[in-house]
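A short write-up of the structure that comes next.
The values are calculated or read from the model by the stated rules, or taken from the named source; none is laboratory data. Remember, it's a predicted structure, so these values are computed and weren't measured experimentally. Cβ sites come from the backbone with ideal geometry, for glycine too, and all protein chains shown count toward neighbours. With ligands, DNA and RNA removed, areas are computed over all heavy atoms of the protein, side chains included. Shrake-Rupley method; radii C 1.70, N 1.55, O 1.52, S 1.80 Å.
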Amino acid sequence: MILRRDDTFRVVLNLRTPQNGKEKIGTGIFVSKNSTEPYIVTATHVAKSCGADSKVVLSDQAGKSLELALVAFSPKLAWRHHPVADISVLPLTMTPAIEAHMTKRFFPLDHFHLQKTPVSRDFELTSVGFPHGLGAQGLFSPLTYRSYASSALITLLRSDTHTPCEFFCLENPSVGGYSGCPIFDLAYMVVGGMTSTREKTLCVGIMHGTISDDTGGKLSAVTPAYYLDGFI
């Protein structure tokens, strides 16, 4: 399966949680294992802010934003938090009311890059999410940006727990609201009038956040998808 950028919109979701008169914003991806076990995957620091009043925003059949209660997908909100990585999964309960909105929503687990190998710096990567919540109201339109890996696997401290974890970096910084978003190798690249394709679209990681310092330099830190191997 090869997804175009517009096709990725149907597998991502916006997570919104009221907090002190504002909203905590994050991004997630619908994932299926063996075509039968449905999940939401996002960053742990996004999942831990979710509660009974959290909302999921996705697109309806007309391309408009549809807001549903997170508890409608999982009444007990039984998140599984990875013991090392900033990545969490939520098993979903597919009621008839929810199933009506979920046709072709799920990205298969076998399309994740589950090998503990670096992402090639030659492959263009696409982040799909909701920076500052943009794209989740009115017409449903997640924002994408293209980048390249700027590192192999490296050990950094997580920004939320300050514990060590392996990441890879992107050349571009993240933006608040992109946390938890999927990073895709879409398996195609358009160069001039030529389109180069590979076997299938891969999700290579989940956005953690931005690395920055007082020099003004910024990069993205991405949790590698291999942390899902054996966890989901």
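A few comments on the model shown:
- Residue check for Thr36: free of Cβ contacts under 8 Å to residues at least 24 places away in the same chain and in contact with a helix residue (DSSP H, G or I) (Cβ under 8 Å, 6 or more places away or on another chain): no
- Conditions (1) hydroxyl-bearing (Ser, Thr, Tyr); (2) out of contact with any Cys (no Cβ under 8 Å at 6 or more places or on another chain); (3) farther than 30 Å from Ala62 by Cβ; (4) in a strand (DSSP E or B): number failed by Ser120: (4)
- Within the range 146-184, tally of residues that are hydroxyl-bearing (Ser, Thr, Tyr) and within 13 Å of the chain's Cα centre (by Cα): 3
- Helices (runs of 4 or more DSSP H) within the range 1-101 that include 2 or more residues at negative phi and open to solvent by 60 Å² or more (accessible area, probe 1.4 Å): 96-99
- Phe184, sole failed condition from (1) over 19 Å from His45 (Cβ atoms); (2) outside any strand (DSSP E or B): (2)
- Pairs, first closer than 26 Å to Arg5 by Cα in the range 145-172, second open to solvent by 50 Å² or more (accessible area, probe 1.4 Å) and among the β-branched types (Val, Ile, Thr), C-beta under 8 Å, six or more apart: Phe167/Ile154; Phe167/Thr155; Phe168/Ile154; Cys169/Ile154; Cys169/Ile211
This table checks each residue for (1) among the aliphatic types (A, V, I, L, M); (2) open to solvent by less than 10 Å² (accessible area, probe 1.4 Å); (3) modelled with pLDDT of 95 or more; (4) in contact with a Leu (Cβ under 6 Å, 6 or more places away or on another chain).
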site	(1), (2), (3), (4)
Ser151	no, no, yes, no
Leu157	yes, no, yes, no
Phe167	no, yes, yes, yes
Ala187	yes, yes, no, no
Glu199	no, no, no, no
Met207	yes, yes, yes, no
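- Residue check for Glu99: acidic (Asp, Glu) and touching a residue at least 12 places away in the same chain (Cβ under 8 Å): no
- Of residues in the range 124-139 being part of a loop (DSSP other than H, G, I, E, B) and within 29 Å of Pro18 (Cα to Cα), the one most open to solvent (accessible area, probe 1.4 Å): Gln137
- Residues in the range 75-128 that are of a type in the set (Ser, Thr, Tyr) and more than 18 Å from the chain's Cα centre (by Cα): Thr93, Thr95, Thr103, Thr117, Ser120.
- The range 140-176: number of residues that are in contact with a strand residue (DSSP E or B) (Cβ under 6 Å, 6 or more places away or on another chain), in a loop (DSSP other than H, G, I, E, B) and more than 20 Å from Val31 (Cβ to Cβ): 9
- The range 113-123, subset surrounded by 15 or more Cβ atoms within 10 Å (Cβ to Cβ) and touching a strand residue (DSSP E or B) at 6+ places or on another chain (Cβ under 6 Å), residue nearest to Glu67 (Cα to Cα): His113
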